[in-house]
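Asker: There's a structure below that I have some questions on.
The values are calculated or read from the model by the stated rules, or taken from the named source; none is laboratory data. Values in this document were obtained by computation on a predicted structure and should not be read as measured data. We place every Cβ from the backbone using ideal geometry, glycine too, and count neighbours over all the protein chains shown. SASA here: full protein model, heavy atoms, side chains in, ligands and nucleic acids out. Shrake-Rupley method; radii C 1.70, N 1.55, O 1.52, S 1.80 Å.
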Amino acid sequence: MNLNIETPALLFSATSLILLAYTNRFLTIATIVRSLKQNYDQKESSSTLLEIQNLNLRLTLIRYMQLFGVLSLFLSVFAMLLLFIDQKLIGIYIFGLSLLSLLISLGISFWEISISVNALRLHLSDLIDTKKEPN
């Protein structure tokens, strides 16, 4: 297999955009958690507590998404360095690890999105149930 120095550089823009999206998700969820925590402190509610626990899991997943995304970018740069100093075989393997890290990050992202969708469906189930009830 032949790997040019430009190939790992292709991950730069994609990984940077993914990390930006992950950071935005993190900041949005952190804001919601702070708001829910204030509500919970004023009026303790088991449903609010469950929402906070769900969001806490999602924050943990986002942290791992970011970790593997940054690792992917790091390994990609390292692979470019190895290719630059003519260490092609090691560079190819490091680039493969970079792709694997990005794949893991995207897989965790899919898991976090699934949790988010299920939480929203549960949140909206009250509205759906009331619409089905006869007046």
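Asker: How much of Arg63 can a 1.4 Å solvent probe reach, expressed as accessible area in Å² and rounded to 10?
Answerer: 130
Asker: Which order do Leu10, Leu20 take by accessible area at a 1.4 Å probe, largest first?
Answerer: Leu10, Leu20
Asker: Extending each Cα 7 Å along its Cβ direction at Arg63 and Ile113, get the distance between those two points in nm, one decimal.
Answerer: 2.4
Asker: From largest accessible area down, sort Phe12, Phe74; use a 1.4 Å probe on the protein chains.
Answerer: Largest accessible area first, the residues go Phe74, Phe12.
Asker: Now a separate question. Once neighbouring chains are kept in place and the probe is 1.4 Å, which whole percent of the accessible area of the range 1-133 is contributed by carbon and sulfur?
Answerer: Here carbon and sulfur together make up 67 percent of the probe-accessible area.
Asker: In degrees, nearest 10, range 0 to 90: what is the angle between the Cα axis of helix 6-42 and the longest Cα principal axis of the chain?
Answerer: Roughly 20 degrees, rounded to the nearest 10.
Asker: Where is the GNM fluctuation largest for the chain (alpha-carbon springs, 10 angstrom cutoff): Tyr64, Tyr22, Tyr40?
Answerer: Evaluated over the chain, the most mobile residue of the options is Tyr40.
Asker: Only Lys, Arg, Asp and Glu count, each charged at its Cβ (+1, +1, -1, -1), so figure out the dipole size of the range 8-64 about its Cα centre, rounded to 20 debye.
Answerer: Here the size comes out at about 100 debye.
Asker: Compute the acute angle (0 to 90°) between the alpha-carbon long axis of helix 46-84 and the principal axis of greatest extent of the alpha-carbon atoms of the chain; round to the nearest 10°.
Answerer: That works out to roughly 10 degrees.
Asker: Grab the Cα-Cα distance for Ser46 and Asn24, subtract it from 0.36 nm times how many residues apart they are, and report the gain in nm with one decimal.
Answerer: Extra length from Ser46 to Asn24 when fully extended: 5.2 nm.
Asker: Can you give the relative contact order of the chain as a percent, counting alpha carbon pairs under 8 Å and 6+ residues apart?
Answerer: Normalised by residue count, the contact order of the chain is 29 percent.
Asker: A follow-up question, please. So what is the diffusion coefficient of the range 2-50 in µm² per second by Stokes-Einstein at 25 °C and 0.890 mPa s, using a Kirkwood Rh over Cα pairs?
Answerer: In µm²/s, the coefficient is 178.
Asker: Compute the accessible area per residue over the chain, keeping the other protein chains in place, probe 1.4 Å, unit Å².
Answerer: Dividing the accessible area of the chain by its residue count gives 69 Å².
Asker: In debye to the nearest 20, how big a dipole does the range 1-104 give about its Cα centre with +1 on each Lys and Arg Cβ and -1 on each Asp and Glu Cβ?
Answerer: For the range 1-104, the charge dipole is close to 220 debye.
Asker: Let me ask something additional. Mean residue ellipticity at 222 nm from the helices of the chain, using -39,500 (n - 2.57) per DSSP H segment of n ≥ 4 over the full residue count, to the nearest 500 deg cm²/dmol?
Answerer: When only DSSP H runs of four or more count, the value is -33000 deg cm²/dmol.
Asker: Also: So which trypsin sites (Lys or Arg not before Pro) in the range 19-55 pass both tests, a DSSP loop state and at most 15 other Cβ atoms within 10 Å of the Cβ?
Answerer: Hits after loop and neighbour filter: Lys43.
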